[in-house]
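In what follows, a structure is listed as structure tokens, so that the remarks can point back to it.
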Amino acid sequence: MSYRIGSGIDFHQLAEGRDLWIGGVKIPHNKGSVGHSDADVLLHAICDALLGAACLGDIGTHFPDTDPAYKNIDSKILLKKTVDLINAEGYSIVNIDSTLCLQSPKIKPYINDMQAAIATVTNINEKDISIKATTTEKMGFVGREEGLMAYATVLIQKIS
Ligand SMILES: [Zn+2]
């Protein structure tokens with residue numbers, strides 16, 4: 001059995017007048033993520049980790065933010081397309097571990113919904129999708145609520 005590991009990281013600015021999509025879930029908040037797509041920082045980090053594990057470049061290569069096709073797109077569609085890309089290379093996902101960094105709001109109440117959303121798109125078990133969250137203790141751009149970030153690590157295995 002052949003295994004490969006991948007890591008991904010993503011950042012977005014936060015601004016008023018935007019929706020806050022994280023992990024495929026819309027979270028009520030006074031600010032939302034700024035980006036060409038729905039700017040879902042967690043799903044983007046997971047996409048990059050998957051692409052990295054399969055050595056398939058990065059999210060910007062496959063879904064350029066200059067392409068009008070991806071304007072305001074639901075990042076669950078990008079994640080689905082990414083899973084299709086790694087499946088086409090003969091890989092399946094073993095597990096996902098991730099960490100969100102943002103000052104507010106509290107993410108814990110939404111984690112189960114995020115796991116369910118990601119499980120539906122990736123077709124893996126919710127128990128294989130770890131989502132953690134931390135603040136930066138009010139330090140830096142995250143602490144000032146100017147932006148948020150996410151890290152993801154994935155393991156994939158060759159199945160064909
Ligand atoms: Zn992003």
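No lab work stands behind these numbers, since they all come straight from the coordinates. All of these numbers come straight from a predicted model, not from anything done at the bench. Reconstructed Cβ throughout: ideal geometry from the backbone, glycine too, with neighbour counts over all protein chains shown.
Highest GNM mean-square fluctuation among ILE73, ILE86, ILE118, for the chain modelled with Cα contacts below 10 Å: ILE73.
GNM remark for the chain: springs join alpha carbons under 10 Å apart, and the peak mean-square fluctuation among LYS76, LYS127, LYS31 falls on LYS127.
Quick one: net charge of CYS47's neighbours, Cβ under 11 Å, K/R +1, D/E -1?
Values: positive: LYS76, LYS80, LYS81; negative: ASP10, ASP40, ASP48, ASP58.
Summing Lys/Arg as +1 and Asp/Glu as -1 gives -1.
Computed over the chain with a Gaussian network model linking Cα atoms closer than 10 Å, the most mobile of ASN72, ASN95, ASN87 is ASN72. Exposure proxy ranking for VAL94, VAL83, based on other Cβ atoms within 10 angstrom of each Cβ and starting from the fewest, stands as VAL94, VAL83. For the residue pairs LYS80/LYS158; LYS81/LYS108; LYS31/LYS127; LYS76/LYS127, the alpha carbons lie more than 23 Å apart in LYS81/LYS108; LYS31/LYS127.
Ranked for footprinting exposure by Cβ neighbours inside 10 Å, fewest first, ARG18, ARG144 give ARG144, ARG18. With K and R counted +1 and D and E -1, the other residues having a Cβ less than 15 Å from that of GLY24 yield a net charge of -3. What net charge is computed for the residues neighbouring THR122, neighbours being all others with C-beta under 12 Å from the C-beta of THR122, Lys and Arg scored +1, Asp and Glu -1? With Lys, Arg at +1 and Asp, Glu at -1, the net is 0.
Using Cα-Cα distances under 8 Å and only pairs 6 or more residues apart, what relative contact order does the chain have, in percent?
Working: 368 pairs, mean separation 54.1, N = 160.
It comes to 34 percent, rounded to a whole number.
Quick one: putting +1 on the C-beta of Lys and Arg, -1 on the C-beta of Asp and Glu, what dipole do you get for the chain around its Cα centre, in Debye to the nearest 20?
Working: 15 positive and 19 negative charges, 62 e Å.
So the magnitude is around 300 debye.
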